[in-house]
Amino acid sequence: MTTRFAAAVRKRTALQVSFPGLFAFFIAIGGDGTFEDVSERSGIAAKKGRALGVAFADYDDDGFTDTYVSNDGVQAYLYRNNGDDTFEERALESGAALSMDGKAFSGMGTVFQDYDNDGRPDIIVTVLPRQLYSVFPNDGGGVFTYESLEAGLGSWQLDPGQLRLGRGPRRFQ
């Protein structure tokens with residue numbers, strides 16, 4: 001590990017300790033054009049996180065738009081839309097919260113769309129250098145599988161000539 005990289009890791013770790021997570025906000029638009037903060041009653045504000053990527057899709061095919069939040073250094077959140085203006089966090093149960101080894105990743109950006117052409121929205125999360133981009137194909141039934149290596153991103157992301165911060169997954173769009 002180079003001295004510059006080691007210093008960056010120490011600085012990042014110190015920032016994570018001193019930068020607590022924040023509650024997410026959910027702003028509803030009324031029929032009269034006004035805005036209302038419904039974060040608390042919707043359930044979105046129930047968990048703190050370090051959100052850097054947010055994407056929307058109907059992952060469980062119930063007709064309601066769900067929300068995926070990639071966090072920096074803490075588990076990702078998948079808010080299932082209950083269809084009654086409330087959300088339930090389901091990332092752990094669905095398999096889209098952590099990496100293959102059960103660790104939180106540093107999610108920088110995310111895409112929530114069908115990348116494998118099976119008709120179901122999948123999740124791809126870009127991360128910091130020396131981490132694998134997270135690829136979660138949607139298996140149906142509200143379940144995702146972590147398949148970064150199988151998707152071929154492991155060798156690409158860890159190639160020393162390719163190390164870079166993943167700011168957004170435009171490459172997959």
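The set of residues in the range 63-108 that are part of a loop (DSSP other than H, G, I, E, B), within 21 Å of Ala151 (Cβ to Cβ) and touching a residue at least 12 places away in the same chain (Cβ under 8 Å) comprises Gln75, Ala76, Gly95, Ala96, Ala97, Leu98, Ser99, Met100, Ala104, Phe105, Gly107, Met108.
Condition check ((1) open to solvent by less than 50 Å² (accessible area, probe 1.4 Å); (2) among the polar types (S, T, N, Q); (3) modelled with pLDDT under 75; (4) closer than 15 Å to Phe56 by Cα) across all residues:
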position	(1), (2), (3), (4)
Tyr115	no, no, no, yes
Gly140	yes, no, no, no
Val143	no, no, no, no
Pro160	no, no, yes, no
Pro169	yes, no, yes, yes
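Note on the range 29-62: residues that are assigned to a strand (DSSP E or B), modelled with pLDDT under 85 and open to solvent by less than 90 Å² (accessible area, probe 1.4 Å) amount to 2. For the range 63-85, residues that are under 22 Å from Tyr115 (Cα atoms) and open to solvent by 40 Å² or more (accessible area, probe 1.4 Å) total 4. Of all the criteria given as (1) over 17 Å from Asp60 (Cα atoms); (2) assigned to a strand (DSSP E or B), the one not satisfied by Leu128 is (2). Screening Ala97 against (1) modelled with pLDDT under 90; (2) surrounded by 20 or more Cβ atoms within 10 Å (Cβ to Cβ); (3) not polar (S, T, N, Q) leaves a single unmet condition, (1).
The values are calculated or read from the model by the stated rules, or taken from the named source; none is laboratory data. Just so it is clear, the structure is predicted and the values come from calculations on it, not from any experiment. With ideal geometry, Cβ positions are generated from the backbone for all residues, glycine too; neighbour counts draw on all protein chains shown. SASA here: full protein model, heavy atoms, side chains in, ligands and nucleic acids out. Shrake-Rupley method; radii C 1.70, N 1.55, O 1.52, S 1.80 Å.
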